[in-house]
């Protein structure tokens, strides 16, 4: 499927990153070289130039992470493409950037930087492809990822979703109260009781979402004050009927009492069956779980050819 959407929707997503993200890069470098750098002893610290090559088609995402790896190793990166650009379309070894610095340092950062870039770009690419699929089917609202991210790698994965044009949904447990079936069962099966407790603890600033297995549960959640109801594991036809009934009862647009989200097993193969105007958010873990990486390599230029 051709990639038709990939640029960030508003501003530069790098401006969203918290101050703490650079510490994670340091930890990843320490993890990769916990003691002696034997390869570094072999190559020494002569100035070197290495070319970043895209070896498969995809959208570039993760530039800040790639840059920071080499910044911490006293290297510089000069890009010939921008974040959100599609690469590897006509040229399977398209040059994307040049890294310069002591050869030992370039090679110290190589694998960490490539892993970050490949994973983040893969998620951006898959996000963009699925969004384009939905747009082609006439869906005008939001496609979001989920919190089913890799521990320790969430920031990178959520960043990739943003570059791919998708909503990252909630970042963590503190971002929004999502009451799933286990929460409801732990409250004696009472949705109103669970929503009331969530509203009391989070106050006006924290939205409350309720996972619902039926239209009846969704009605109970909205009546109790839920801001978002998730229709979980419905069929495509079931979603269309339930969402229309809920919108008819609780309002649409600016008058809506709650947003309606659909989730549960949605992939590129079946998501078109769920497209309808009454669904505000489609969420899927398939844009970041098991996603194919974009293949990049970093090749040191032999000294006699270096510029």
Open item on the list: Report the gain in length on full extension from residue 23 to residue 237: 0.36 nm times residue separation, minus Cα-Cα distance, nm rounded to one decimal.
Closed with: 72.3 nm
Open item on the list: I'd like the per residue volume of the convex hull spanned by the Cα atoms of the stretch 167-283, given in cubic angstrom.
Closed with: 105 Å³
TODO: Take the chain, connect every pair of alpha-carbon atoms lying under 10 Å apart with a spring to form a Gaussian network, then pick out the residue of 286, 121, 35 with the largest mean-square fluctuation.
DONE: 35
- [ ] Among 166, 75, rank each residue by its count of other Cβ atoms within 10 Å, from fewest to most, as a rough exposure measure.
- [x] 75, 166
Task: Max mean-square fluctuation residue, GNM over the chain, Cα-Cα springs under 10 Å, options 114, 259, 16 - done: 16
Open item on the list: With viscosity set to 1.306 mPa s at 10 °C, what whole-number translational diffusion coefficient in µm²/s follows for the chain from Stokes-Einstein and a Kirkwood radius over Cα pairs?
Closed with: 75 µm²/s
Open item on the list: Taking just the alpha-carbon atoms of the stretch 12-102, what radius of gyration and Dmax come out, in angstrom?
Closed with: 14.9, 42
Task: Residue order, fewest to most surrounding Cβ atoms within 10 angstrom, among 261, 215, 46 - done: 46, 215, 261
Open item on the list: To make sure I understand, if each residue's beta carbon is the centre and we count other beta carbons within 10 Å, what order do 36, 65 fall in, fewest to most?
Closed with: 36, 65
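Laboratory data are not the source of any read-out in this text; all were calculated from the coordinates shown. Note that the structure is a prediction, hence the values are computed from the model and not measured. Note that we place each Cβ from the backbone using ideal geometry, even for glycine, and neighbour counts take in every protein chain shown.
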